[in-house]
Amino acid sequence: MTGNGNDTTGERLNLRSRMFELTHLHPWIERLALRHRIPANTQFAMNLCLEEAISNIIRHGYSGDPDHSIVIWFTSPREDYFVFVVEDEAPPFNPVELPELPPLNSLEELAIGGQGVRLLRRFADALEYQATPTGNRLSIGFTVTGSAIAKN
Amino acid sequence: MPISTEELEGGITRVILEGRMDIEGAAAVDMRMNVIAGTKKAVIVDLQKVSFLGSMGLRALVAPARAIKGRGGKIVIFGPNELVEKVLKTSGVDTMIPIHHELQNAIAALQ
């Protein structure tokens, strides 16, 4: 998906691997939501999942090195279904098959970051991972009807 | 992200957060939360006006909670919306910081 710089079917956000780049997510999602009439609860899930996915890439994939790129593509392959495809050039990391950590059960545990995969799985409707020749591609899907955010 | 405090009867401090607890919001309240955590022993974190909570925001809640509990204090969460509550429950934070939807119950839990 990356490479030719053209974006004729979806929309793209380019980020550097810096935590404060996460601040670009919310206004971008807001603009998409306006254009595609995405309801507020789905926007919430999109913000949460992208924050988790991108912060994991920055902290773990790139180990905090600030000069790498992350590209996010937005597409709507069918009515009321939205997909973000997150691409990086980090070492292979598949969050889809990662064993899920148990929920936090003690204030002594501060590994909140380890809860990211759990949050991703609970708030997204679809997750798909693909290793690429140069890194990772994670697709995160959201359905407006019957969304995962309505499930317990 | 605005943060304000209100002193209630019985030595209870109500911390009112407002807006998005994402990376930017968490950074904005971190220092104030740490000061509260280092000085108060009975804290209600009022999330009624918090519209978003991500993992960065969770950190901004859990670290002060640990400090307060470490000093023998108590902390509860009051009034999260449905989605914010789902984040708290999915991550298990609700087992460490009890959630209340009635202010009187939140106050009672600290006494």
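List of remarks:
- Unmet criterion (only one of (1) under 18 Å from A:F123 (Cα atoms); (2) modelled with pLDDT under 95) for A:S63: (1)
- Any chance B:T39 is at pLDDT 95 or above, within 13 Å of the chain's Cα centre (by Cα), surrounded by fewer than 19 Cβ atoms within 10 Å (Cβ to Cβ) and polar (S, T, N, Q): no
- Any hit, segment A:133-140, residues being at pLDDT below 70 and crowded, with 18+ Cβ neighbours inside 10 Å: no
- Scanning segment A:84-96 for any residue that is modelled with pLDDT under 95, within 14 Å of chain B (Cβ to nearest Cβ) and in a loop (DSSP other than H, G, I, E, B) turns up at least one such residue.
- Restricting segment A:107-116 to residues that are in contact with a helix residue (DSSP H, G or I) (Cβ under 7 Å, 6 or more places away or on another chain) and modelled with pLDDT of 55 or more, the residue that is surrounded by the most Cβ atoms within 10 Å (Cβ to Cβ) is A:G116.
- Total residues in segment B:65-99, condition more than 10 Å from every other protein chain (Cβ to nearest Cβ) and farther than 26 Å from A:M46 by Cβ: 7
- Which listed residue is modelled with pLDDT of 95 or more and either in contact with a Ser or Thr (Cβ under 9 Å, 6 or more places away or on another chain) or in a loop (DSSP other than H, G, I, E, B) (or both), from A:I57, A:I70: A:I70
- Failed item in (1) within 27 Å of B:Q104 (Cβ to Cβ); (2) assigned to a helix (DSSP H, G or I), with B:V15 passing the rest: (2)
- Taking segment A:25-54 as the range and being in contact with a helix residue (DSSP H, G or I) (Cβ under 6 Å, 6 or more places away or on another chain), more than 9 Å from chain B (Cβ to nearest Cβ) and in contact (Cβ under 8 Å) with a residue 40 or more places away in the chain as the test, the residues that pass are A:M46, A:C49, A:L50.
- Candidates B:V76, B:V84, filtered to the one that is within 27 Å of A:L120 (Cα to Cα), hydrophobic (A, V, I, L, M, F, W, C) and part of a helix (DSSP H, G or I): B:V84
The values are calculated or read from the model by the stated rules, or taken from the named source; none is laboratory data. If you're wondering where the values come from, they're calculated on a predicted model, not measured in any experiment. Here the Cβ is made from the backbone with ideal geometry for all residues, glycine too, and neighbour counts use every protein chain on show.
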